[in-house]
Every structure is written in C-alpha cells, then in structure tokens.
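Participant: What follows is a structure written as structure tokens; I'll ask about it next.
The values are calculated or read from the model by the stated rules, or taken from the named source; none is laboratory data. Computed from a predicted model, the values in this text were never measured in an experiment. Note that we place each Cβ from the backbone using ideal geometry, even for glycine, and neighbour counts take in every protein chain shown. Each accessible area value is taken on the protein alone, full model and side chains, heavy atoms only, with ligands, DNA and RNA left out. Shrake-Rupley method; radii C 1.70, N 1.55, O 1.52, S 1.80 Å.
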Amino acid sequence: MRMMMKARMDTQISNQVTKGGAMPDSLKSAIERLKPEAAYFTPEGGRSMILVFDMQDSSQLPSIADPFFQEMGAEVTFEPVMNLDDLQKGLAALK
C-alpha cells in the first residue's frame, strides 16, 4: 500500500544531530531502507520530511518509525495515499 510518512523532527535534537554530522547518514539510511517514490523536505514546524513509499504490511510501522523517534525525537505520522492511477482504478470499481 502506498503510504505517506511525515516526520517532524524535534528542533533541538535534530540541531545536535546536524552539528554532529550524522544528519546526512540518517537521511541516507532512511532513503535506502524505504526506497520512496518521492521525498520532500520542508521547514514546516521545524525540520520535516515527507516520504511516499510502498508499505507491504502494517507490521513494518515500528521498524520504519522508530529510527526517527530515537535519532531525531520526531513526531511521525502515516497516511495511506493514492496517485492518479490508483484513484481512477478505485473510481472504476464504483460502477
């Protein structure tokens, strides 16, 4: 299932991670692990990251979110999302 994950990082903790030089490795690790189809970075509420990726099973939630909790003190949310093809397929099923 296509999921959108938003990780809003704690400013003080992410400042320490950035100053310590670990931010690039943390982000690279997340990208390599999740292989997102899209990745966005925004200053919304501080340092935030939005990833859109395929989640095979809900049991993956802890292993995906926990590094952000531990390394960045992040607030993490997940939301199922669709692209246009998914929406059209879903609407066709209504007929």
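Participant: Within the range 25-75, list the GluC sites (Glu not before Pro) lying in a DSSP loop whose Cβ has at most 15 other Cβ atoms in a 10 Å radius.
Facilitator: Those satisfying the criteria are Glu37, Glu44.
Participant: Another question, if that's okay. Rounded to a whole number, what is D in µm²/s for the chain from Stokes-Einstein with the Kirkwood radius over alpha-carbon pairs (37 °C, 0.692 mPa s)?
Facilitator: 230 µm²/s
Participant: How much accessible area per residue does the chain have, counting only protein heavy atoms and a probe of 1.4 Å, in square angstrom?
Facilitator: I get 67 Å² per residue for this part.
Participant: Hey, what do the phi angles of the range 84-90 turn into as Karplus ³J(HN,Hα) couplings, whole Hz, using 6.51/-1.76/1.60 and θ = phi - 60°, x for Gly and Pro?
Facilitator: Whole-Hz 3J(HN,Hα) from phi for the range 84-90: 4, 4, 4, 4, 4, 4, x.
Participant: Same structure, new question: Per the 1.4 Å probe, what fraction of the accessible area of the chain, in percent, lies on carbon and sulfur atoms?
Facilitator: 56 percent
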